[in-house]
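The values are calculated or read from the model by the stated rules, or taken from the named source; none is laboratory data. Note that this is a predicted model, so its numbers are computed, not measured. Note that each Cβ is placed from the backbone with ideal geometry, even for glycine, and that neighbours are counted across all protein chains shown. Please note that ligands, DNA and RNA were not included when accessible areas were found on the heavy atoms of the full protein model with its side chains. Shrake-Rupley method; radii C 1.70, N 1.55, O 1.52, S 1.80 Å.
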Amino acid sequence: MAEQTALADMHHADGAKPDRAVVRDALGVGVAVGLSGFAFGVTSAGSGLSLSQTCVLSLLVFTGASQFALVGALAAGGNPFTAAAGAFFLGVRNAFYGLRLSQVLALPRAVRPFAAQWVIDETTVVALAQPTRRAARIGFTVTGLTLYVLWNLTTLLGALGAEAIGDIDAWGLDAAGPAVFLALLAPMLQTTRERAVAGVAVVLGLALLPVLPAGVPVLVAAAAAPVVLWAEGRRKTDERRNDRQSGRRNDRQDDRQDDRQDDRQDREQEAAG
Amino acid sequence: MNVWIAIAVTAIGCYAVKLIGLLVPEGVLERPLVQRLAALLPVALLAALTAQQTFADGRLLVLDARAAGLAAAAVALLLRAPFLLVVAAAVVVTAGVRAMTG
């Protein structure tokens, strides 16, 4: 933690990201994703929810994947608690985002209940991509505010316009969701470890989809993270054992140095975005 | 009424998990393993969500125009296109493929 802060300060000293650049990035994400609230409004109204139900979802739930999951389940005739459970499971990932954000943003306790509603994929990605705490806070706030306002506005417009548009699939609007997720994911795939986690998660998410209730496969796919870390740990242990068998001297010390170097590289990559 | 119950339960649940993440005590987060996990979990969840929203139709796996749209988005990302253009590419290509294949 201390080292991370030092690293951030270093960035700040030798040319921090200008506030304007942070705001521009945040607006880019906020506007683009905020506009996709239109697709949600159309889908929700098309699934038989009323205008007020659709708008309350965007105002109070405000996490796209959960909202889509809920209206999908209700349209499919699911009972309210099963439908809500699926949406809730999808929302659980925001708790993990909060874990990261509370370190990066270091918000005062009194502010946290208000900031919480904005803890979603997009604000997390923008905040974590910033080199300094100041930039992270600006990124989080601008993304959160833009996205919240636009998402609710376009939800309303989409719900009102649902009848005029007709079949949303014909307009390709159902591809907006995955494209948003892919765009958020891409900058995170910098090391082999991250790519392995993504690969395993995709396989788990798709393989379990037909056999588990809605929303659960994504949660199980989260297990890709500990699984990959565990596999990495095993590989390192094996290498250590092989080195010892081949009679290398001071191997444990070397390994420990390697580990420390690995950790440092990880942290630098994380800080760099 | 059922719909309102579902909305209320979802809204409360989703807000609660957001808040819990922010309120977990710092000490828990200082362990390197927890930090690594917290960094990797979003990767896993986003990857699984992307795949599901592209290839799932309810509980069935399908290959349709959305896959072409996602491929277009991936190309746009590799070309370092801005966010809105990435999403637009996916929507336009998906609509185009559907228009052509009927």
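Under 6 Å by Cβ, and 6 or more places apart or on different chains, what pairs join a residue from the stretch A:61-76 that is part of a helix (DSSP H, G or I) with one that is aromatic (Phe, Trp, Tyr) and open to solvent by less than 30 Å² (accessible area, probe 1.4 Å)?
A:GLN67/A:PHE40
How about the stretch B:62-95: which of its residues are facing another protein chain (nearest Cβ under 7 Å) and either of a type in the set (D, E, K, R) or within 17 Å of the chain's Cα centre (by Cα) (or both)?
If the condition is that a residue be facing another protein chain (nearest Cβ under 7 Å) and either of a type in the set (D, E, K, R) or within 17 Å of the chain's Cα centre (by Cα) (or both), then B:ARG66, B:GLY69, B:LEU70, B:ALA73, B:ALA74, B:LEU77, B:PHE83, B:LEU84, B:VAL86, B:VAL87, B:ALA90, B:VAL91 are the ones that fit.
Does the stretch A:99-112 contain at least one residue that is touching a helix residue (DSSP H, G or I) at 6+ places or on another chain (Cβ under 9 Å), closer than 25 Å to B:LEU78 by Cα and more than 7 Å from chain B (Cβ to nearest Cβ)?
no
Checking the structure you have, find out if any residue of the stretch A:220-241 is closer than 23 Å to B:GLY69 by Cβ and either modelled with pLDDT under 85 or β-branched (Val, Ile, Thr) (or both).
No, every residue in the stretch A:220-241 fails to be closer than 23 Å to B:GLY69 by Cβ and either modelled with pLDDT under 85 or β-branched (Val, Ile, Thr) (or both).
Quick check on my filter: what residues within the stretch A:205-230 are open to solvent by less than 50 Å² (accessible area, probe 1.4 Å) and assigned to a helix (DSSP H, G or I)?
Passing the criteria: A:GLY205, A:LEU206, A:LEU208, A:VAL216, A:PRO217, A:VAL218, A:ALA221, A:ALA224, A:ALA225, A:VAL228, A:LEU229.
How about the stretch A:200-211: which of its residues are more than 7 Å from every other protein chain (Cβ to nearest Cβ), without any contact (Cβ under 8 Å) to a residue 24 or more places away in the chain and either over 21 Å from B:GLY58 (Cα atoms) or in contact with a helix residue (DSSP H, G or I) (Cβ under 7 Å, 6 or more places away or on another chain) (or both)?
Once the filter is applied, which keeps residues that are more than 7 Å from every other protein chain (Cβ to nearest Cβ), without any contact (Cβ under 8 Å) to a residue 24 or more places away in the chain and either over 21 Å from B:GLY58 (Cα atoms) or in contact with a helix residue (DSSP H, G or I) (Cβ under 7 Å, 6 or more places away or on another chain) (or both), the stretch A:200-211 yields only A:LEU208.
Answer yes or no: is there a residue in the stretch A:161-180 that is of a type outside the set (A, V, I, L, M), assigned to a helix (DSSP H, G or I) and touching a Phe, Trp or Tyr at 6+ places or on another chain (Cβ under 6 Å).
Checked the stretch A:161-180: no residue is of a type outside the set (A, V, I, L, M), assigned to a helix (DSSP H, G or I) and touching a Phe, Trp or Tyr at 6+ places or on another chain (Cβ under 6 Å).
Filter the stretch B:14-31 down to the residues that are in a helix (DSSP H, G or I) and either of a type in the set (Phe, Trp, Tyr) or facing another protein chain (nearest Cβ under 7 Å) (or both) and list them by number.
B:CYS14, B:TYR15, B:VAL17, B:LYS18, B:LEU19, B:ILE20, B:GLY21, B:LEU22, B:LEU23, B:LEU29
Among (1) open to solvent by less than 60 Å² (accessible area, probe 1.4 Å); (2) in contact (Cβ under 8 Å) with a residue 12 or more places away in the chain; (3) hydrophobic (A, V, I, L, M, F, W, C); (4) farther than 20 Å from A:ASN152 by Cα, there is one condition A:LEU99 misses while meeting the rest; what is its number?
(2)
Counting just the residues of the stretch A:161-199 that are exposed (fewer than 15 other Cβ atoms within 10 Å of the Cβ) and of a type in the set (A, V, I, L, M, F, W, C), which one comes out nearest to the other protein chains (Cβ to nearest Cβ)?
Among those residues, the one meeting the criterion is A:ALA170.
Being at pLDDT 90 or above, within 12 Å of chain B (Cβ to nearest Cβ) and over 21 Å from B:GLN52 (Cβ atoms) is true for just one of A:GLY139, A:GLY158, A:GLY144. Which residue is that?
Sole residue among the options that is at pLDDT 90 or above, within 12 Å of chain B (Cβ to nearest Cβ) and over 21 Å from B:GLN52 (Cβ atoms): A:GLY144.
If you go through the stretch B:63-86 one residue at a time, how many are aliphatic (A, V, I, L, M) and either in contact (Cβ under 8 Å) with a residue 24 or more places away in the chain or not in a helix (DSSP H, G or I) (or both)?
5
Might you check whether a residue that is part of a helix (DSSP H, G or I) and either open to solvent by less than 10 Å² (accessible area, probe 1.4 Å) or modelled with pLDDT under 90 (or both) occurs anywhere in the stretch A:127-134?
yes
If you go through the stretch A:181-202 one residue at a time, do you hit one that is of a type in the set (S, T, N, Q) and assigned to a helix (DSSP H, G or I)?
The answer is yes; a qualifying residue exists.
Please determine whether any residue of the stretch B:42-50 is touching a residue at least 12 places away in the same chain (Cβ under 8 Å) and either more than 7 Å from chain A (Cβ to nearest Cβ) or among the β-branched types (Val, Ile, Thr) (or both).
Checking the stretch B:42-50: at least one residue is touching a residue at least 12 places away in the same chain (Cβ under 8 Å) and either more than 7 Å from chain A (Cβ to nearest Cβ) or among the β-branched types (Val, Ile, Thr) (or both).
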